[in-house]
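Working notes, beginning with the structure itself.
The values are calculated or read from the model by the stated rules, or taken from the named source; none is laboratory data. Only a predicted model underlies this, so the values are computations on that prediction, with no experimental measurement involved. Cβ atoms come from the backbone with ideal geometry, glycine included; neighbour counts cover every protein chain shown. Just the protein is used for accessible areas: all its heavy atoms, side chains included, with ligands, DNA and RNA removed. Shrake-Rupley method; radii C 1.70, N 1.55, O 1.52, S 1.80 Å.
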Amino acid sequence: MAGGGFASASGDVNFEAKITYTVIISCIMAATGGLMFGYDIGISGGVTSMAAFLKEFFPEVYRKTVEEKEVDSNYCKYDNEKLQLFTSCLYLAGLTATFLASHITRKQGRRATMLIAGFIFIAGVAFNAAAQNLTMLIIGRLLLGCGVGFANQAVPVFLSEIAPSRIRGALNILFQLNITLGILFANLVNYATNKIKGGWGWRLSLGLGGLPALLLTLGAFLVVDTPNSLIERGHLEEGKAVLRKIRGIDNIEPEFLELVDACTVAKEVKHPFRNILKRRNRPQLLISIALQVFQQFTGINAIMFYAPVLFNTLGFKNDASLYSAVITGAVNVISTVVSIYSVDRLGRRMLLLEAGVQMFLSQFVIAVIIGMKVRDHDEDLSKGFAVLVVVMVCIFVSAFAWSWGPLSWLIPSEIFPLETRSAGQSIAVCVNLLCTFVIAQAFLSMLCLFKFGIFLFFSGCVLIMSTFVLFLLPETKNVPIEEMTEKVWKQHWLWKRFAEDDCVKEEKVVTDN
């Protein structure tokens, strides 16, 4: 499988590349790291709606949802700090692990980091599947979090560096596609294991998380490290050979020389986390942080973590709530495929802005329906309105899946220069996991407090972030990853002053010397 060459550098330099089997297979294998993340997102909400799991580890919630239904408001049945901690502690662990992962990614390579991620995740799965008490359950979740932190650090950078620039967006979104496939797989598993008699189905749900971790581990053994990483670590000839292999051509000298120049600059940076705070890196840093915050405050993970719980709250029966979660998971997968097709054609900004309108309207409609029809002690939402809620959730999920889901990972992985790329990705992952922790820990309490107003809160956040994209996010489609400064930051109405000021300072230093 091969494509034609393309012009991609500044000036008269052409970077030729074919779309080779090596690139496609390497990206598919690496992107399985997203399966781990997605499976965990989907599985936690499903098992926390299973009566046997609640009875084993969260008896207070079990009593409120099964034995004493009339006592609590529909919105407050699942409001329990320990239950929220079960979901959220993973992301707190991932937040901490990503700093170590950043160091390993830079010093040992992207491939080594993915390998470590797989091993740690498998250990966490073993603890969870065999859990006899809440302590074992939490230890397992913490290990899973470390695995997620390592995978989220390495995989997006790996995908961006190994892909030719004209399909970089599509290949990077394979990570997000695998997240959505993991969520769908988890929802299907939960639906099936909930029917197992004997009350042990939740163990199977948690245990099957080892499959995507095993795929990532095997994939890390098989893939090559990126030329950027090899050259950065001093393996010039090996990096050149890998570059020739993944580009499928002999004339890789122009791209190789640019990578060597970028790595020379990167080696001069001894403290990437300190360097990233310099004026010229502030636009990239601000945008990366903002994208991660905004992604979580769309409300998507509140829905994905707790979809069965949310549907139960609205009056769906247990099987119906799990089935509805499967539907939204399938929509998530299909819509991510749309993003793979369109991201390098329509561009990042167009997808984000269109999705902003779609997400705002769908959440507003959900808030109106629930506000009118779901009372504190109503048993059921009528069938017609229940279907409408599921449709609106699907419309919201589809918009997220082709925009904020994949692009919040793609854009940070491609906008930083090589010398701060691992640090920038680490900060992006850290902020994402911190916000994910906040949402996971707070959502059920927010649902109890705000009731239907929770969806108005998230729709307001969507309005704010769409305004940010409109004025402050530059377009990066089809721009070579090492050419972002010249072709993006120096061309933007606001951010160019940061790049130009630094250039003026550097020229002044050279002149003075």
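Computed about its Cα centre, the charge dipole of the range 45-133 is approximately 740 debye, with only Lys, Arg, Asp and Glu carrying charge at their Cβ. Taken over the C-alpha atoms, the range 155-310 has Rg and Dmax values of 21.0, 64 angstrom.
Sequence-distant contacts, meaning Cα pairs under 8 Å at least 6 residues apart, place the relative contact order of the chain at 24 percent. Evaluating 6.51 cos²θ - 1.76 cosθ + 1.60 at θ = phi - 60° for every residue in the range 164-172, the Karplus couplings come out as x, 4, 6, 10, 4, x, 5, 5, 5 Hz, glycine and proline recorded as x. Which one of Ala213, Ala30, Leu410 has its Cα pushed farthest toward the positive end of the charge dipole of the chain, where Lys and Arg give +1 and Asp and Glu give -1 at the Cβ? Farthest towards the positive pole: Ala213. Here's the picture: charge each Lys and Arg Cβ at +1 and each Asp and Glu Cβ at -1 in the chain, and of Gly201, Val431, Ser339 the one pushed furthest to the positive end of that dipole is Gly201.
Which pairs break 25 Å Cα to Cα here: Lys245/Lys487; Lys64/Lys451; Lys278/Lys487?
Lys245/Lys487
Ranking Ala101, Asn128, Ile173 by Cα position along the charge dipole of the range 100-249, where only Lys, Arg, Asp and Glu carry charges on their C-beta atoms, puts Ile173 farthest toward the positive end.
Exposed loop positions in the chain were taken to be chymotrypsin sites (Phe, Trp or Tyr not before Pro) whose DSSP state is not H, G, I, E or B and which have at most 14 other beta-carbon atoms within 10 angstrom. Between these positions, the longest stretch is 201-492. Across the range 396-412, coupling constants 3J(HN,Hα) worked out from phi with the 6.51/-1.76/1.60 Karplus curve, θ = phi - 60°, read 5, 4, 4, 4, 4, 5, 9, 9, 5, x, x, 6, 5, 8, 5, 4, x Hz, and Gly and Pro carry x. Taking every protein chain into account, the 1.4 Å probe leaves Lys490 with about 50 Å² of accessible area, to the nearest ten. Ligands, DNA and RNA excluded, the heavy atoms of Thr135 present near 90 Å² of accessible surface to a 1.4 Å solvent probe. The sum of -39500 (n - 2.57) across all DSSP H runs of n ≥ 4, divided by the residue count of the chain, sets its helix-only mean residue ellipticity at 222 nm to -25000 deg cm²/dmol.
Less than 5 angstrom separates the built amide H of Val269 from none of the residues sequence-distant by 5 or more or on a different chain. Dividing the C-alpha radius of gyration of the chain by 2.2 N^0.38 Å, with N its residue count, gives 0.98.
Taking Cα centre as origin and charging only the Cβ of basic (Lys, Arg, +1) and acidic (Asp, Glu, -1) residues, the dipole magnitude of the chain rounds to 420 debye.
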